[in-house]
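Written below as structure tokens is the structure these notes are about.
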Amino acid sequence: MGCDGGTIPKRHELVKGPKKVEKVDKNAELAAKWKYCALSQEKLRRPIVACELGRLYNKDAVIEYLLDKSAERPNTEVVGHIRSIKDVKELNLTDNPAWEGERRNAKGDCYEDMHRAMFICPVVGLEMNGKHKFCYLQTCGCVFSVRALREVKTEICHKCGDPFRDEDTVVLNGSKEEQEKLQKAMEEKRAQAKTGKKSKKNKVVETASKPLELEGTVDNAPGPSGSSKIEKPIVTAGSKRSIQDMEEKSEAYKSIFTSHSSAKRTKSQMSNWVTHTPYHF
């Protein structure tokens, strides 16, 4: 059973102490967030989209999830807030000219820089590798570093020129506190949109159910024969003018044809017919 043959066990082999907490490699954690899809765990490839909480996805993975939500997936909790494709925004990313892709280290026999990113900030050139904060604009989808928006303050997108507000910026892969803030803003935005839809729907129903009001009065007093007397609706000047315009247009249309009264000539306008029989000798 062991401990025979003159072997002397050590203390750490006999006494079980507390397990050491495994530390997560920061480089691996950053690579998982900035280089891989949050849903499918596959490498990010264009087209890339981001949700209102700042998570990165491959667009095809999100579409597959929306088409079949019942399928078993390992990370469905990260997309529970995505109801339709409108809840994500396709990102307008800037390629990193120093990115060589996977072709450089195809054999795995050379050093691979884990901090080298596929995309950069188009303003200050920072790489989008997780070391620097990045955000995207919900209006146009362009991606910038937070430092660029902080140093070069403007209300127009640096890349495409579309106007935006501070509320349109969403931090990508933010901290826990930043994601909670984005979660709260998303819920408030959706609640306001839902309230706006209800009020608009109620206005449409009220307009449709409102009876057509005629300008006139109805006298329910019994007449000489015992029946109710109903007065004719009063025709105002505006309605009289519209009726007259309609009649004039109708008469103008009818005057095109020869059967119209305006096309017929009176007796005074008609000439007498003179017959002449020529004789040729």
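For residues that are free of Cβ contacts under 8 Å to residues at least 40 places away in the same chain, touching a strand residue (DSSP E or B) at 6+ places or on another chain (Cβ under 9 Å) and outside any loop (DSSP other than H, G, I, E, B), scanning just the stretch 151-180, find the one that is surrounded by the fewest Cβ atoms within 10 Å (Cβ to Cβ).
156
Can you tell me which residue among 204, 218 is farther than 30 Å from residue 169 by Cα and modelled with pLDDT of 50 or more?
So the residue among 204, 218 that is farther than 30 Å from residue 169 by Cα and modelled with pLDDT of 50 or more is 204.
Looking at residue 47 and the list (1) in contact with a strand residue (DSSP E or B) (Cβ under 9 Å, 6 or more places away or on another chain); (2) in contact (Cβ under 8 Å) with a residue 40 or more places away in the chain; (3) within 14 Å of residue 172 (Cβ to Cβ), which single condition is not satisfied?
The single condition residue 47 does not satisfy is (3).
For every residue, the table says whether it meets (1) modelled with pLDDT of 95 or more; (2) out of contact with any Lys or Arg (no Cβ under 8 Å at 6 or more places or on another chain).
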position	(1), (2)
113	no, yes
118	no, no
137	yes, yes
174	no, no
185	no, yes
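Go through the residues of the stretch 17-34 one by one and say whether even a single one is open to solvent by less than 40 Å² (accessible area, probe 1.4 Å) and assigned to a loop (DSSP other than H, G, I, E, B).
No.
The values are calculated or read from the model by the stated rules, or taken from the named source; none is laboratory data. Worth saying up front: this structure is predicted, and the values here are computed from it rather than measured. Backbone-built Cβ (ideal geometry, glycine too); neighbour counts: all protein chains shown. To get the accessible areas, we keep the full protein, side chains included, count just its heavy atoms, and leave off ligands, DNA and RNA. Shrake-Rupley method; radii C 1.70, N 1.55, O 1.52, S 1.80 Å.
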